[in-house]
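The block underneath contains the structure these notes are about, expressed in structure tokens.
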Amino acid sequence: MAKKGDKINNFCHRNEGKKMTMALESVKIRLLKREDLDAILEIDEKVLEEHRRDYWERKLETRNGKASQASFVAEVDGKVAGFILGDVSGWEFGVPDTIGIGHRPGP
């Protein structure tokens with residue numbers, strides 16, 4: 001079985017040279033809804049060439065609306081064209097919580 005990275009690379013190569021641009025004005029970004037599951041599955045299957053309904057159902061069920069979680073879809077002509085699920089965590093790369101970052105105006 002091919003690795004996910006290989007599958008994504010294969011998807012990119014299959015679509016190389018295809019015109020995939022659009023005016024930003026035609027893209028609507030909105031919060032992801034449970035009803036977007038079928039569109040997410042369609043996109044995921046195009047990229048990874050496998051059906052993962054159980055995986056995505058679990059992912060959507062575990063989204064609990066915390067402020068640190070953000071899930072969005074991009075719509076074009078009323079159809080989901082992309083999606084992102086994110087989770088923000090503080091200083092996960094080793095920066096201590098006690099650090100202060102600021103800007104002092106110049107002279």
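What follows is calculated from the coordinates using simple rules that are stated; it is not laboratory data. What you see is a predicted model; the values in this text were computed from it and never measured. For neighbour counting, all protein chains shown are included, and Cβ atoms are generated from backbone atoms with ideal geometry for every residue, glycine included.
Can you tally the net charge around residue 26? Count Lys and Arg as +1, Asp and Glu as -1, for every other residue whose Cβ sits under 10 Å from the Cβ of residue 26.
Here the count lands on -2.
What does the charge dipole of segment 26-87 about its Cα centre add up to, to the nearest 20 debye, if the Cβ of each Lys and Arg holds +1 and the Cβ of each Asp and Glu holds -1?
360 debye
Give me the compactness ratio for segment 26-87, meaning the Cα radius of gyration over 2.2 N^0.38 Å.
1.10
Would you kindly state how much longer the chain becomes between residue 29 and residue 77 on full extension, computed as 0.36 nm times their sequence separation minus their alpha carbon distance, in nm to one decimal?
16.1 nm
Given Cα pairs under 8 Å that are at least 6 residues apart, what percent is the relative contact order of segment 26-87?
Relative CO of segment 26-87 lands at 43 percent.
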